[in-house]
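*Asks:* Let me give you the structure first, and then I'll get to my questions.
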Amino acid sequence: MGTDFSEPKRQSAAGVAVMFADHLQRSIRVLVFPIILLLVRAKGMNHWYLIAGFLVFLFILIIYSYLSYLRFSFFLDEEKQEFVIQKGVLSKEHISIRLDKIQQVNINQSLIQRIIGVYSLDIDTAGSDKKEASIKAIDHHTATILRERLLNRDTPDPTAEKSTDEQRLKSEPLLKLSTSTLFKVGLTSNYGASVALLMGFIFAIMEMLKNYTEAFQLEENPIKALSTEGLNMISIGVLLFFALLIVLGTNILRNFIKYFDFEVIKKKAVLAITSGLFEKKHTLLKPARVQISSYSQNYFQKKLDLMNMKFKQASFDAADEDDKDNKKHDIEIPGCDENERDELLKMIFECIPQKESTFIPNYRFLFLTIMLKVVIPIAFFLLIGWVLPHLRPYFWWIIPYAILVVIMLYFEFAHHRLYLSEDFIIKKSGIWDVEHQLMEPHKIQGITTKQYFWHKKANIGHLVLHTAAGTIHFKYGNYADIHRMANYWLYYIESGKKDWM
């Protein structure tokens, strides 16, 4: 495939197989339950009819995939500065993406694509909450050149491209994760995601056992029978031990699959990031597009000299809310040490941000959270226990609950800090994983200051900094200081010449 993108181009011929595999897996996900129901109820049906029907379905899918390949084309309109994709079998679709709206272009490779020897090129824009466009089958050289054209919007020199690729291959990685580092990262991070995955698995097993009991007309659900008989302390301890092993094992496996062969290479003014076991991802990180940089570390990671970094880029629905669930534009770099963190921060900011002024929250921050998460829940539980006597034997659980939650809330209060310098804003927060969020004032899209009427006398308020990649909150600060900060940043943005991206 040539590198002249001014005329419409098709994907690699192997795109037929990729499209077929994609359509097949989508069809299986949609039709899996109707197929199972058909197989269960078709006891008297001749199996040859089922096989013939399946072969006809595959034939139709192959024809549809081939037509999808023929009807798919893409080209670069230099005059309008747009990237155009045309596709569709039954209905034709025309997608035009302005080059100045393109936020990120990633080169990925799934297991099927790796077997066939092609890559996919995915285009994201800052004005969309989903993937804007995707080319499913393209060779790596063409994908690399097209990505450079889409992001840089310059006409490339083929000789320069070749030398740049050779230079990238020969350059030493800025960061490369070993198997032992991946193992340490899996042991010390992302417990919440693994616990959520484990709980989902347990609920799925319980639902399956319930259906199993109803289907085979058993007298009692095994789980219900176990809970009725009760568990002694030894049994609970054994269950907790195995649950811990499963959580840690799941976490290690998830990290190994996601970050296998992870490396960061410095390439001119960008960072080239590759990772993945089954699905290989190739991402370019441009410092100008980063809105919020952060690094986090817990107690165990501190002892092992490990920390996890995250770079947030502009996204459609993150400017007004905390985008905890919106990670499409986030780039994660796990398992780096302090020196590697500093090198990455220098790459983003051209220097290491310093903490000059420190702002701490008022003690009411701790008082309110204790009231909401300790006093009120305990009072409610005691009230229910007074109405329902069979809950009274469990009253002793209030003591460890109160101690644990108060300790957690104290650490949340102790870690809630805002650090400022002339050119940087640093927000520290967290209970177990202590996170530092870093941003430059010219990245601010909006500033919100709040003060409830009952806080007016105490001169307490809240600060919210809105960016194109999310928000940064500082709660229960001195309201006079918050106003001075807001005025300074508004002046800094209006008088400065730096663009936010």
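*Asks:* Do any of LYS355/LYS450; LYS281/LYS310; LYS176/LYS310 go past 18 Å between their Cα atoms, and which? Working shown, then result.
*Replies:* Values: LYS355/LYS450 25 Å; LYS281/LYS310 16 Å; LYS176/LYS310 16 Å.
Flagged as over cut-off: LYS355/LYS450.
*Asks:* Once both labels are modelled 7 Å past Cα along the beta-carbon direction, what's the ASP4-VAL89 spacing in nm?
*Replies:* With each label placed 7 Å out from Cα toward Cβ, I get 3.2 nm.
*Asks:* Please rank ARG98, ARG364, fewest neighbouring Cβ atoms within 10 Å first, as an exposure proxy.
*Replies:* The order, fewest Cβ neighbours first, is ARG98, ARG364.
*Asks:* Tell me, what ³J(HN,Hα) does each residue in the range 76-88 have, in order and in whole Hz, if you take phi through Karplus 6.51 cos²θ - 1.76 cosθ + 1.60 with θ = phi - 60° and put x for Gly and Pro?
*Replies:* Whole-Hz 3J(HN,Hα) from phi for the range 76-88: 10, 8, 5, 5, 8, 6, 9, 9, 10, 10, 10, 7, x.
*Asks:* Can you give me the P(r) profile for the range 58-135? Cα pairs, bins 5 angstrom wide beginning at 0, each as a whole percent.
*Replies:* Taking every Cα pair in the range 58-135, the percentages come to 3, 13, 18, 22, 21, 14, 6, 2, 0.
*Asks:* Mean 1/r over all different Cα pairs, inverted: what Kirkwood radius does the range 364-412 give, in Å?
*Replies:* About 11.4 Å for the range 364-412.
*Asks:* Another question about this same structure. Add +1 for every Lys or Arg and -1 for every Asp or Glu among the other residues with Cβ under 11 Å from the Cβ of SER6, and state the total. Mind showing how you got there, number by number?
*Replies:* Values: positive: LYS9, ARG149; negative: ASP4, GLU7, ASP77, GLU78, GLU79.
Combined, the nearby Lys, Arg, Asp and Glu give -3.
*Asks:* Note down the nm distance, to one decimal, between modelled labels 7 Å out along Cα→Cβ at PHE367 and at LEU50.
*Replies:* Result for the modelled spin labels: 7.0 nm.
*Asks:* Please list 64-76, 483-495, 290-302 highest first by mean number of surrounding beta-carbon atoms within 10 Å per residue.
*Replies:* 290-302, 64-76, 483-495
*Asks:* Roughly how many Å is it from the Cα centre of the range 342-409 to that of the range 481-495, as a whole number?
*Replies:* When both Cα centres are located, 31 Å separates them.
*Asks:* Report the full-extension gain for the segment LEU58 to ILE399: residue separation times 0.36 nm, less the Cα-Cα distance, to one decimal in nm.
*Replies:* The LEU58-ILE399 span can extend by a further 116.5 nm.
*Asks:* Beyond 32 Å between alpha-carbons counts as too far, so tell me which of LYS136/LYS497; LYS302/LYS456; LYS267/LYS302; LYS92/LYS266 fall in that bin. Walk me through the intermediate numbers first.
*Replies:* Numbers: LYS136/LYS497 40 Å; LYS302/LYS456 40 Å; LYS267/LYS302 29 Å; LYS92/LYS266 41 Å.
The pairs that break the limit, which is 32 Å between Cα atoms, are LYS136/LYS497; LYS302/LYS456; LYS92/LYS266.
*Asks:* While we're looking at this one, here's another question. Kindly rank 411-419, 261-269 from highest to lowest mean number of other beta carbons found within 10 Å of each residue.
*Replies:* Averaged packing, sorted descending, gives the order 411-419, 261-269.
*Asks:* Going 7 Å from the Cα of GLU172 in the Cα-to-Cβ direction, what parts of the range 329-361 have a backbone nitrogen less than 19 Å from that spot?
*Replies:* Of the residues in the range 329-361, 336-347 have backbone N under 19 Å from the label point off GLU172.
*Asks:* Mind listing the phi-derived Karplus ³J(HN,Hα) values for the range 289-297, rounded to whole Hz, using 6.51, -1.76 and 1.60 with θ = phi - 60°, and x for any glycine or proline?
*Replies:* Residue by residue, the range 289-297 yields 8, 7, 9, 10, 10, 8, 9, 10, 7 Hz.
*Asks:* Between the range 2-21 and the range 65-112, what's the alpha-carbon centroid distance in Å?
*Replies:* 10
*Asks:* Taking every pair of alpha-carbon atoms in the range 418-501, give the share separated by more than 19 Å as a whole percent.
*Replies:* Numbers: 1367 of 3486 pairs.
Taking all Cα-Cα pairs of the range 418-501, the fraction more than 19 Å apart is 39 percent.
*Asks:* What order do you get for 100-106, 464-470, 177-183 when each peptide is scored by the mean count of other beta carbon atoms within 10 Å, highest first?
*Replies:* Result, highest mean Cβ count within 10 Å first: 464-470, 100-106, 177-183.
*Asks:* Once fully extended, how much extra length lies between ILE431 and LYS456, figured as 0.36 nm per residue of separation less the alpha-carbon to alpha-carbon distance?
*Replies:* 6.2 nm is the gain from fully extending ILE431 to LYS456.
*Asks:* Fully extended, how many nm does the chain gain between PHE381 and ALA414 (0.36 nm per residue separation, minus their Cα-Cα distance)?
*Replies:* This chain segment gains 9.0 nm when fully extended.
*Asks:* Same structure again: Collect residues whose amide H, placed 1.01 Å from N in the peptide plane, falls under 5 Å from the amide H of ASN362; neighbours closer than 5 in sequence don't count.
*Replies:* Close amide H contacts, sequence-distant or interchain: GLY477.
Throughout, read-outs are computed from the coordinates displayed, never taken from laboratory work. Only a predicted model underlies this, so the values are computations on that prediction, with no experimental measurement involved. Cβ: placed from backbone, ideal geometry, glycine included. Neighbour counts: every protein chain shown.
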